[in-house]
Amino acid sequence: MEFFLISLLNGVSYGLLLFMLSSGLTLIFSMMGVLNFAHASFYMLGAYFAYQTSLAVGFWWALLIAPLAVGVVGAVVERFMLRRVHKFGHVPELLLTFGLAYLIEEFVHLIWGRSSVDYKVPAALDHPLFTLYSTTFPAYRGFMMLVALLMLLAIYLLLKRTRIGLVIQASLTHPDTVEALGHNVPRVFMLVFGGGCALAGLAGVIGGNAFVTEPGMAAAVGSIVFVVAVVGGMGSLAGAFLASLLIGVIQTFAVALDYSFVTLAAGMGMSITPQTPLYVLWKLTIAQVAPILPYLFLVLILIFRPRGLLGTREG
Amino acid sequence: MSTTVRFTPLNPARWVIWSGFALVLIALPLAFHQGFALTLMCQIGTIMIFSLSFNMLLGQAGMLSFGHAVYSGLGAYIAVHVLNMIDKGTLMFPVTLLPLVGGLAGAFFGVLFGYVTTKKSGTPFAMITLGIGELVGAMALMFPDFFGGEGGVSTNRVAGKALLGLITYGPQIQVYYLVAAWLFICTAAMYAYTQTPLGRIANAVRDNPERAEFIGYETQRVRYLVLIISGFFAGVSGALGAINFEIVSSENVSAIRSGTVLLFTFIGGVGFFFGPMIGAVLFGLFIVVLATITKAWLLYLGLFFVLMVMYCPGGIAGLIMMQMPLLRARRFKEMLPSYALGVAAAAVLLLALSAAAEMLYYHALEASASGPTMVLFGMNVNVASFTPWLVLLAIAGAGFALLGLARRKVTECWNRVMGEIMAGGLQ
């Protein structure tokens with residue numbers, strides 16, 4: 001029970017972090033049809049910016065400044081790079097962001113070196129929040145969950161209850177009509193791209209010190225975020241939320257489970273020995289398979305439900 | 001202007017080009033016979049097959065794949081295991097035909113994974129191939145019996161009976177001619193493929209999937225078939241790489257490998273059949289030559305790629321083909337002064353940029369250990385002082401000004417000459 005609850009809490013907090021990343025990706029994709037390959041790189045930038053600003057003005061200001069700075073970088077990328085290749089179609093846009101991921105990683109190497117930086121959890125949150133049976137749950141994990149939920153609420157209110165949200169939603173489906181009504185659709189695109197990147201930056205600020213801030217952190221999380229977007233259904237925010245939680249919880253549980261088909265068979269009274277055919281498959285424990293579970297999940301979803309969990313269109 | 005299709009069984013230009021290609025392949029080792037150059041050429045040859053097979057997807061069928069190394073890598077693994085069996089004597093098979101084994105393995109995995117990936121096109125296809133690539137990359141560490149774990153699977157290419165009693169593939173020069181022969185065969189086969197109905201309909205599926213469906217082709221099936229064929233050639237290149245290096249490791253199936261082939265194929269040019277071959281040569285220059293000179297080579301590569309995507313989406317092949325009408329009208333030399341200006345501006349900018357990058361890298365990685373003074377282009381430069389940065393800023397400013405001027409000149413000259421050629425063509 002103790003293991004179950006703690007793993008569930010850890011899984012949910014990891015899932016919420018994934019959601020903070022995938023929400024920006026999904027917003028940008030549903031709006032502009034651009035898959036931002038460099039999205040995880042903006043997450044990394046967020047962590048490094050936060051590290052640098054927290055050295056100067058402390059964590060709480062960094063929480064505000066770093067996402068904004070990442071958002072500005074994103075807006076500049078949209079305005080001066082993406083908009084240029086927009087007329088060539090979606091594949092060149094994807095290629096551009098792919099090249100950008102390389103550039104950002106090298107930029108990080110250039111400025112902060114190749115090893116990890118010492119980006120710490122703030123002292124005010126560096127204590128256990130509560131103790132469950134015998135395991136403590138860190139306060140910072142609780143803070144991460146709180147920020148993610150607040151962000152979810154803020155996006156929801158922004159999209160559904162404000163005028164700019166209305167324009168964004170309308171540009172999503174009817175860009176020409178919105179333009180005809182006198183709105184500057186390219187500027188809306190720039191704001192959405194910058195905003196999406198800022199969300200990734202925010203995830204970086206609170207994820208960078210919970211995990212490790214190093215140049216490999218973008219690659220570590222990048223492809224998982226794409227899996228989340230496909231599994232949830234391309235362009236569906238609710239789907240991304242569901243898929244992030246699902247993948248976060250599955251991965252957290254899987255890493256801790258040391259069972260394999262051998263133990264399963266032993267429980268049913270059979271025995272699997274190294275002489276059994278395909279022994280390499282049977283002896284794998286769930287913990288060993290954990291890294292590929294999201295991708296297996298992706299393949300299964302594509303075979304049985306190609307539009308994703310909550311997607312509305314076949315892409 | 002109307003074009004009529006004529007039956008020309010003997011196409012002289014084609015004969016000249018292909019026999020020229022064969023002659024170059026035969027003659028190259030005569031000019032570059034050092035061990036280093038031979039290994040480099042073998043590597044470029046395998047990458048050429050790999051990037052041509054990649055362009056079958058990206059350039060000819062509009063399928064952007066982030067996981068193409070899966071097919072070449074798994075082909076390489078199967079080939080290396082077969083080679084080990086030949087070496088142990090449990091299997092009789094000529095090493096010369098080993099790339100065929102790799103190719104069949106690549107095609108087999110194309111059948112397997114393509115069933116899932118080709119269900120989608122465009123951006124979702126790209127994401128799914130990324131997922132499959134990660135899946136196989138992670139599996140490489142899960143099954144050490146097959147993939148050899150961290151160290152990979154090593155082999156010995158001098159195995160089985162020698163071909164004609166002479167060729168054992170021990171000396172590098174013999175491996176070079178093996179790669180060259182397979183390169184020629186594969187290039188010819190892949191070019192022939194572009195002329196088949198499948199190759200043509202793949203272009204249609206790239207340009208307008210909806211219309212392709214309306215004339216009765218199932219786009220998903222076309223994509224599936226193209227992926228299988230492309231997987232075959234990727235597998236051939238994987239097996240050749242295995243013979244060349246005598247080791248296959250998890251790096252061969254990794255996302256890094258997939259990303260590299262994408263970068264260089266695009267830089268070479270996806271719009272023309274020969275574009276990826278230029279990309280493969282650049283690969284040799286970047287990965288092997290530049291990487292030994294500077295630590296910042298990935299930055300240069302990324303920057304080069306992004307600039308190509310933004311300003312020159314046809315790649316280098318596209319740039320070359322743009323000059324064809326000028327060459328045909330014998331007016332290319334009128335463009336030369338403005339081009340020279342452009343090249344000069346680019347050189348000045350490159351100088352400033354590379355100096356800045358080298359100084360930054362030195363500052364980030366080495367300054368703390370060996371002091372603030374580095375040797376740059378034969379000069380002692382103190383990276384902690386302001387002066388060198390100001391000098392670089394001035395050089396960069398001059399470069400930008402020159403580039404702006406060159407751009408105006410090129411556009412002006414291009415419009416004038418092309419306008420005259422077009423006007424002449426209409427009369």
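Just report the Cα centroid separation between the stretch A:261-311 and the stretch A:23-101, whole Å.
Spelled out, the Cα-based centre of one part sits 36 Å from the other.
Sort B:47-59, B:86-98, A:29-41 for me by packing, meaning the mean count of neighbouring Cβ atoms within 10 Å per residue, highest on top. Kindly include the intermediate steps, with their values, before the conclusion.
Working: B:47-59: 28.0, B:86-98: 15.0, A:29-41: 24.2.
Taking the mean over residues of other Cβ atoms within 10 Å, the ranking is B:47-59, A:29-41, B:86-98.
With a/c under 1.5 counting as rounded, go ahead and sort chain B into rounded, prolate or oblate using the C-alpha gyration tensor (a ≥ b ≥ c being the square roots of the eigenvalues; past the cut-off, prolate if a/b is larger than b/c, else oblate).
Values: a/c = 1.64, a/b = 1.17, b/c = 1.41.
Oblate.
Quick check: pseudo-label points 7 Å beyond the Cα along Cα→Cβ at B:Y191 and B:K88, how many nm apart are they?
Label at B:Y191, label at B:K88, 4.2 nm between them.
How crowded by other chains is B:303-309, given as the mean number of beta carbons from other chains within 10 Å of each beta carbon? List each step's numbers first, then the result.
Details: counts 4, 1, 7, 10, 1, 3, 14.
Averaged over the peptide's residues, the number is 6.
Sum -39500 (n - 2.57) across every DSSP H segment of at least 4 residues in the protein assembly as shown, then divide by the residue count to get the 222 nm mean residue ellipticity, nearest 500.
Details: 32 runs with 520 residues, N = 742.
Value at 222 nm, helices only: -23500 deg cm²/dmol.
Ranked from highest to lowest mean number of other Cβ atoms within 10 Å per residue, what is the order of the peptides B:141-148, B:314-321?
Details: B:141-148: 15.2, B:314-321: 18.1.
Per-residue mean Cβ counts within 10 Å order the peptides as B:314-321, B:141-148.
Using packing as a proxy for protection, rank A:132-139, B:239-246 so that the peptide with the highest average count of other Cβ atoms within 10 Å comes first. Let's see the in-between values first.
Numbers: A:132-139: 13.5, B:239-246: 25.8.
My ranking of the peptides, most packed first, is B:239-246, A:132-139.
If contacts are Cα pairs under 8 angstrom and at least 6 residues apart, what is the relative contact order of the stretch B:16-315 in percent? Don't skip to the answer; put the middle values down first.
Details: 483 pairs, mean separation 106.7, N = 300.
That works out to 36 percent.
Which lysines, on any chain, are close to A:K283 with Cα under 29 Å apart, when same-chain ones fewer than 8 places away are left out?
B:K88
Roughly speaking, what is the centre-to-centre gap between the stretch B:99-113 and the stretch B:184-260 when only Cα atoms are used, to the nearest Å?
11
Take every Cα pair under 8 Å in the stretch A:175-262 that's 6+ residues apart, average their separations, divide by the length, and report that relative contact order as a whole percent.
That works out to 11 percent.
Calculate the mean, over all residues of peptide A:291-297, of how many other protein chain Cβ atoms lie within 10 angstrom of the residue's Cβ. All intermediate terms of the calculation are to be shown ahead of the outcome.
Values: counts 7, 9, 2, 4, 11, 3, 1.
Shielding by partners across A:291-297 averages 5.
To the nearest 20 debye, what charge dipole does the stretch A:143-291 have about its Cα centre, counting +1 at the Cβ of each Lys and Arg and -1 at the Cβ of each Asp and Glu? It would help to have the intermediate numbers written out before the result.
On the way: 5 positive and 4 negative charges, 56 e Å.
The calculated dipole for the stretch A:143-291 is roughly 260 debye.
Towards the positive end of the charge dipole of the stretch B:16-315, with charges on Cβ (+1 Lys, Arg; -1 Asp, Glu), say which of B:A37, B:V226, B:S154 has the farthest Cα.
It is B:V226.
GNM on chain A, C-alpha springs below 10 Å: top fluctuator among A:P274, A:P92, A:P128?
The residue that fluctuates most here is A:P274.
Roughly what would the spin-label model give for B:A329 and B:T168, points 7 Å off Cα along C-beta, in nm?
6.1
Express in nm, to one decimal, how much length is gained between B:N415 and B:L393 on full extension, taking 0.36 nm for each residue of separation and deducting their alpha carbon distance.
Values: separation 22, 0.36 × 22 = 7.92 nm, distance 3.29 nm.
Using 0.36 nm per residue and subtracting the Cα-Cα distance, I get 4.6 nm.
Count the net charge of all other residues whose Cβ sits under 9 Å from the Cβ of B:A296, scoring Lys and Arg as +1 and Asp and Glu as -1. The partial results should precede the final answer.
Details: positive: B:K295; negative: A:E106, B:E358.
With Lys, Arg at +1 and Asp, Glu at -1, the net is -1.
When we measure straight from the Cα of B:K333, which lysines land under 30 angstrom away, once same-chain ones fewer than 8 places off are left out?
Output for B:K333: B:K409.
Which FRET efficiency, nearest 0.05, do A:T177 and B:M422 yield, Cβ-Cβ r, R0 51 Å?
Details: r = 39 Å, r/R0 = 0.77.
With a Förster radius of 51 Å, E is 0.85.
Once you place label points 7 Å from the Cα toward the Cβ at B:A27 and A:L129, how far apart are they in nm?
7.3
Once R0 is set to 41 Å, what does the formula 1/(1 + (r/R0)^6) return for the Cβ-Cβ distance between A:F3 and A:W60, expressed as a FRET efficiency to the nearest 0.05?
On the way: r = 34 Å, r/R0 = 0.83.
Calculated value: 0.75.
Take peptide B:136-144, look around each residue's Cβ out to 10 angstrom, count Cβ atoms belonging to other protein chains, and average those counts. The partial results should precede the final answer.
Values: counts 2, 4, 9, 4, 0, 3, 7, 3, 1.
Per residue, the number of nearby Cβ atoms from other chains is 4 on average.
Can you list the DSSP H helices in chain A whose Cα atoms extend at least 30 Å along the helix axis and whose mean Kyte-Doolittle hydropathy is -0.5 or higher? Please list the in-between numbers first.
Working: long enough: A:2-32 (45 Å, 1.62); A:90-112 (33 Å, 1.12); A:139-161 (32 Å, 1.61); A:185-208 (33 Å, 1.63).
Those that pass (Cα extent of 30 Å or more, hydropathy at least -0.5) are A:2-32, A:90-112, A:139-161, A:185-208.
Return the FRET efficiency for the residue pair B:R14, B:D145: r is the Cβ-Cβ distance, R0 is 41 Å, and the value is rounded to the nearest 0.05.
Numbers: r = 48 Å, r/R0 = 1.18.
The formula returns an efficiency of 0.30 here.
Using +1 at the C-beta of Lys and Arg and -1 at the C-beta of Asp and Glu, which of B:Y339, B:M142, A:G11 has the Cα lying farthest in the positive direction of the dipole of the protein assembly as shown?
About the Cα centre, the residue reaching furthest to the positive side is B:Y339.
Mind checking which lysines have their C-alpha under 29 Å from B:K119, skipping anything on the same chain fewer than 8 residues away?
Here the lysines satisfying the reach criterion relative to B:K119 are A:K87.
Which part of the stretch A:1-44 falls in the paramagnetic zone of A:R79, meaning amide N under 11 Å from the point 7 Å along Cα-to-beta-carbon?
Under cut-off, by backbone N: nothing.
Test of the criteria: in the stretch A:106-202, which trypsin sites (Lys or Arg not before Pro) are in a DSSP loop and have at most 15 other Cβ atoms within 10 angstrom of their Cβ? Don't skip to the answer; put the middle values down first.
Working: sites: A:R114, A:K120, A:R141, A:K160, A:R161, A:R163, A:R187; in loops: A:R114, A:K120.
Passing sites in the stretch A:106-202 are A:R114, A:K120.
Can you give the relative contact order of chain A as a percent, counting alpha carbon pairs under 8 Å and 6+ residues apart? Before the final figure, lay out each step's value.
Values: 459 pairs, mean separation 101.0, N = 315.
It comes to 32 percent, rounded to a whole number.
Read-outs: derived from the displayed coordinates by stated rules, not from any lab. Owing to the predicted nature of the structure, the values given are computational and were not obtained by experimental measurement. Glycine also receives a Cβ, built like all others from the backbone with ideal geometry; neighbour counts cover every protein chain displayed.
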